[in-house]
Amino acid sequence: MTIKLSKTSKLDGILSWSLQALDTCPGSKSDNGELVPACKGCYATTGNYRFANVKKPREFNREDWKRDTWVNDMLIALDSSRYFRFFDSGDMYSLELAEKILELCTKANWVKFWIPTRMHKFKKFEPVLSKLQALDNVVVRYSSDSVTGEILAGKTSSTIFSDSVPAGAFECKAYQNDGKCNGCRACYDKDVSVIAYKAHGVKMAKVIKIIAAKQ
Ligand code: SF4
């Protein structure tokens, strides 16, 4: 079995399966080819994510999911997990990958899955995303492109804010807990419709400054 999972410091030891950021994120670009604001400041293109030992499993996973036995191997790898995150970096860039994730989430009904994605921008992904969202153990969170708290209508979603928490959103408090979830599991909870993450990092600060200057 060759499954390569990630354990990021934020997630209280919860495992994730990830791909290389931007290369596997077709939803990161707007029609004019420019990165959307949230992706311009993406944490997964800076810091530790630039190291070869972090890139390597992500590049490996890009090929590995294509194996016929990938879903079965993932089921074995998640045998003792209660929570799981797709993706710490990257996105479900392929419909075939999305269908395999659907099969995995359907079979691994003892695991609560959190799936942040921008693939909702592509019509052909609508059926598979709807099927995923209909599973009791899955929260598909449609990521807003905004870094100023704009919220996508009518879905479980997430946004980034810089000043005040958008009305009705649940504020992620990881920034008050040394960058860790610290027992919070709101992202995996279908009853929490919008999660708002406070913008952080030098790169994100620059993006927000440019946006503010244009307004
Ligand atoms: S909202 Fe809760 S579960 Fe989600 S990232 Fe923040 S601390 Fe973790």
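Contact order, relative form, for the chain: 21 percent (alpha carbon pairs under 8 Å, 6 or more residues apart, mean separation divided by residue count). Accessible surface ranking for 191, 145, 1.4 angstrom probe, highest first: 191, 145. Label-to-label distance for residue 2 and residue 175 is 4.0 nm, based on points extended 7 Å past Cα in the beta-carbon direction. With R₀ fixed at 30 Å, the C-beta to C-beta distance from residue 29 to residue 96 puts the FRET efficiency at about 0.90. Simple rule: put +1 on each Lys or Arg Cβ and -1 on each Asp or Glu Cβ in segment 1-155, find the dipole, and look at 102, 60, 41; the Cα lying farthest toward the positive end is 41. For segment 1-150, the solvent-accessible area with a 1.4 angstrom probe is 48 square angstrom per residue.
Straight Cα distances below 18 angstrom link residue 124 to the aspartates and glutamates 31, 91, 96, 99, 103, with same-chain residues fewer than 8 positions distant left out.
With 30 Å as the limit on Cα-Cα distance, the pairs of 107/198; 4/180; 7/100; 40/190; 55/198; 100/198 that go past it are 107/198; 100/198. Between amide H atoms placed 1.01 Å from N, distances below 5 Å from residue 83 occur with 112, all of them 5 or more places distant or on a separate chain. Taking the Cα centre of the chain as reference, the dipole from Cβ charges on Lys and Arg (+1) and Asp and Glu (-1) amounts to some 460 debye. Take the alpha carbon gyration tensor of segment 38-136, find the square roots of its eigenvalues, order them as a ≥ b ≥ c, and report rounded if a/c is under 1.5; if not, report prolate when a/b exceeds b/c, else oblate. It comes out oblate by the Cα gyration axes. Value of Rg to Rh for the chain, rounded to two decimals, is 0.94; Kirkwood radius and Rg both from alpha-carbon coordinates. Using the Cβ-Cβ distance between residue 80 and residue 137 with R0 set to 22 Å, the FRET efficiency from 1/(1 + (r/R0)^6) comes to roughly 0.90.
List the residues whose amide H sits under 5 Å from the amide H of residue 90, counting only those 5 or more places along or on another chain, with H placed 1.01 Å from N in the peptide plane. Close amide H contacts, sequence-distant or interchain: 19, 21, 22.
Dipole of the chain computed with +1 at Lys/Arg Cβ and -1 at Asp/Glu Cβ about the Cα centre; of 89, 77, 176, farthest Cα towards the positive end is 176. With R₀ set to 41 Å, the beta-carbon distance separating residue 110 from residue 205 gives a calculated FRET efficiency near 0.50. Atom-type composition of the exposed protein surface of segment 122-166 places 53 percent of the accessible area on carbon and sulfur (1.4 angstrom probe).
Find which of 15, 142, 205 sits farthest along the positive direction of the dipole of the chain, computed with +1 on the beta-carbon of Lys and Arg, -1 on that of Asp and Glu, about the Cα centre. Going by the charge dipole, the pick is 205. Of all DSSP bridge pairs formed entirely within the chain, close to 15 percent run antiparallel.
Under the shape rule built on the C-alpha gyration tensor, where the axes satisfy a ≥ b ≥ c, segment 108-215 is oblate, since a/c reaches at least 1.5 while a/b does not exceed b/c.
The values are calculated or read from the model by the stated rules, or taken from the named source; none is laboratory data. Remember, predicted model here, so these are calculated numbers, not experimental data. Because the Cβ atoms are built from the backbone with ideal geometry, glycine has one as well, and the counts that use them run over all protein chains shown. Please note that ligands, DNA and RNA were not included when accessible areas were found on the heavy atoms of the full protein model with its side chains. Shrake-Rupley method; radii C 1.70, N 1.55, O 1.52, S 1.80 Å.
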